[in-house]
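Please read the structure below before turning to the comments.
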Amino acid sequence: MINIPTSILCRLGARSAISRSFGTSVVTKSEAKTPIQKFGWEYLKKQRDMKRPIAPHLTIYQPQLTWMLSGFHRISGCVMAGTLLVGGLGFAVLPLDFTTFVEYIRGWNLPCAVTAVFKYIIAFPIIFHTLNGIRFLGFDLAKGVDNIGQVYKSGWLVFGVSAVIALAIVINSCQNKSKAVKTA
């Protein structure tokens, strides 16, 4: 008679022997590569040995006004959207409103030069994004894109007008602040 524990041991031993033989003959998915995967892997190793980055970086391109203004337009839009989202949620959650916040900042009695810098940092992206958006709408209507010289002129115009308008806003607010201090 066959003992039950012996039969269990035989079955387990047979299973482990079978699994061991299959385990060594089966190619794992990480080892099985198509020819294009082998080429790609070898290419990446060669690039890494030459100390090259995996993907091209902005530093290899010569800065041009066209892509710099386009990038700043996207960045300014994202920053403004994030600021509105965080500010809106913040004022919804916090026990104060915008006017209370502004009065709190005014209570610090910062000099006009300090507030002017912050006002310019806030005003310039808003004005630039607006004017450059109008410029891009013109591009969508195929106005001014047929000549690269016109594209550069409109880019410099948007950048310069944005800087001048932002500066005018800051100067006007500082003059209004000094008038308010004199009358008080």
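Each reported figure results from applying straightforward, stated rules to the coordinates on display, with no laboratory input. Keep in mind it's a predicted model, so treat the numbers as computed, not measured. Quick reminder, even Gly has a Cβ in these numbers, built from the backbone with ideal geometry, and neighbours come from all protein chains shown.
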Legend entry - Highest-first arrangement of 56-67, 106-117, where packing means the average Cβ count within 10 Å: 106-117, 56-67
Legend entry - Label-to-label distance, nm, for residues given as residue 33 and residue 120 (7 Å Cα→Cβ offset): 5.5
Inset, instruction - Give me Rg over Rh for the range 65-183, both radii from the alpha carbons and Rh done the Kirkwood way, two decimal places. - result: 1.08
Inset, instruction - Counting other beta carbons within 10 Å of each Cβ, put 173, 178 in order, fewest first. - result: 178, 173
Legend entry - For peptides 121-127, 39-45, sequence by mean Cβ density within 10 Å, most packed first: 121-127, 39-45
